[in-house]
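Participant: Take a look at this one; I'll ask things after.
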Amino acid sequence: MFLITIFIIIFYLVYHLYQHIFRTNSVNSNDKYILVTGCDSGIGHALAIELDQQGFNIFAGVLIQDNAVLLKKQLSSKATVFRLDITKPEDIDTAYSLVKNTTNNLYAIVNNAGILTHGCIDWTSMETMRKVMNVNFFGHVAMTKKFLSLLISKSDSRVINVVSAAGFFSFPNTSAYSASKYALKSFSDCLRREMAPWNLHVSVIEPGALRTPMMEGYENTLRNIWNGLSIDVQERWGINYLNNIITTATNSRFMINADNPSRVVGAIKHAVMNHKPHSHYRPGWQGKVIFYILYLSPVWLSDKLLAKALNFVPSGVQHQLLD
């Protein structure tokens, strides 16, 4: 294991040294149009501002109208801010008409909108599963398919999907979110390979935990889910199990040292502006650690590490042992 870790570190350093030496030039932002979803706050909000300052013509989709007013004040007159719910076909059609009436060539789409939830599979309703999948997967698929003709009207366009480290490694208590991100990653890989003849670049962004509004209120989210569970499910797991999950997660290095969202903005900016964008970006330390240590490890080892970190037993199992 020690030799594998040393090899991974050496490979990582050599790879990034190569990238530093053989840098490619940035594209010219002149007359290039980019559509960004999920610009209400966090990464999407910061990205719209950054790309606007770089000279791109931005279409920024927001879910809440008040956020649209705030964002407009921070963007140049070239930018267009509009309401967009990516789960509603009528909103997507309206967005398409808005873009099509402005340009026949869409340079890039950044599928950034998303929602986050937590909780064991046994705690997660089918309604929640479908809601998360609709936003984090089907909405992005619908957006990409709708705008594909405008994207491939010129060579060298881009689709950039904000996925997550949860898209290649699933932690316990993240089933709905992880499943949606796995699906989006798979979709992105297929799209990249299928659209290669058109030279459509497809990049996925795979960060770990970030200091964004989505990560705030972790404890409240779990307790609200718990309070909505049936008595038999609560008895099966026990309040101590819930408390242990919350304590372990909030005190973990992943949560305490969550990465700065600016790293993700920088990765997306590279995917937008570089002549040779990467197919996968893992900005920040967490995405890299999860990939190299947990994802590349044998399954038995990663499972053992997680079991050791989550070393508490549900009430139902304790009762079985006593019986």
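Since every read-out is calculated from the coordinates, none of them should be taken as a lab result. Computed from a prediction, not measured in an experiment: that's the story for all the values here. Note: ideal-geometry Cβ built from the backbone for every residue, glycine included; neighbour counts use all protein chains shown.
Participant: Got the relative contact order for the range 162-270 handy, in percent, Cα pairs under 8 Å and 6 or more residues apart?
Facilitator: 27 percent
Participant: Extending each Cα 7 Å along its Cβ direction at Thr247 and Ile231, get the distance between those two points in nm, one decimal.
Facilitator: Taking the two extended label points, one gets 2.7 nm.
Participant: Using the crude model of +1 on Lys and Arg Cβ and -1 on Asp and Glu Cβ, and no other charge, please compute the dipole size for the chain relative to its Cα centre, in debye to 20.
Facilitator: Roughly 960 debye for the chain.
Participant: To check you understand DSSP bridge types, tell me what percent of the beta bridges within the chain (both residues inside) are antiparallel, rounded to 5.
Facilitator: Within the chain, antiparallel bridges account for around 5 percent of the total.
Participant: Computed FRET efficiency, Cβ-Cβ of Ile256 and Ile152, R0 45 Å: what is it to the nearest 0.05?
Facilitator: 0.55
Participant: What do you get for the angle between helix 42-53 and the principal long axis of the chain? Use alpha-carbon atoms, 0 to 90 degrees, nearest ten.
Facilitator: Its long axis makes an angle of about 20 degrees.
Participant: Taking 0.36 nm per residue of sequence separation and subtracting the Cα-Cα distance, how much length would be gained by fully extending the chain between Asn105 and Gln74, in nm to one decimal?
Facilitator: Result for the pair: 8.7 nm of gain on full extension.
Participant: Taking the Cα atoms only, what angle lies between the long axis of helix 218-227 and the longest principal axis of the chain, rounded to 10 degrees?
Facilitator: Long axis of 218-227 versus the principal axis of the chain: about 60 degrees.
Participant: Suppose a student asked you for the relative contact order of the chain, using Cα pairs under 8 Å spaced at least 6 residues apart; what percent would you report?
Facilitator: Reported as a whole number, the value is 17 percent.
Participant: Would you pull out the residues with amide H under 5 Å of Val81's amide H, same chain only if 5 or more places away, H placed 1.01 Å from N?
Facilitator: Here the answer is Ala60, since their amide H atoms fall under 5 Å of that of Val81.
Participant: If we restrict to alpha carbons, what Rg and Dmax does the range 36-147 come to, in Å?
Facilitator: 14.9, 49
Participant: In deg cm²/dmol and to the nearest 500, what is the mean residue ellipticity at 222 nm of the chain if only DSSP H runs of at least 4 residues count, each as -39500 (n - 2.57), divided by the residue total?
Facilitator: -15500 deg cm²/dmol
Participant: Give me the angle, in degrees from 0 to 90, between the Cα long axis of helix 65-74 and the longest principal axis of the Cα atoms of the chain, rounded to the nearest 10.
Facilitator: 50 degrees
Participant: What FRET efficiency comes out for Lys145 versus Lys269 if R0 is 22 angstrom and r is the Cβ-Cβ distance? Round to the nearest 0.05.
Facilitator: Here the calculated transfer efficiency is 0.30.
Participant: Before anything else, pin down the relative contact order of the range 209-316: Cα pairs under 8 Å, at least 6 apart, normalised by residue count, whole percent.
Facilitator: 40 percent
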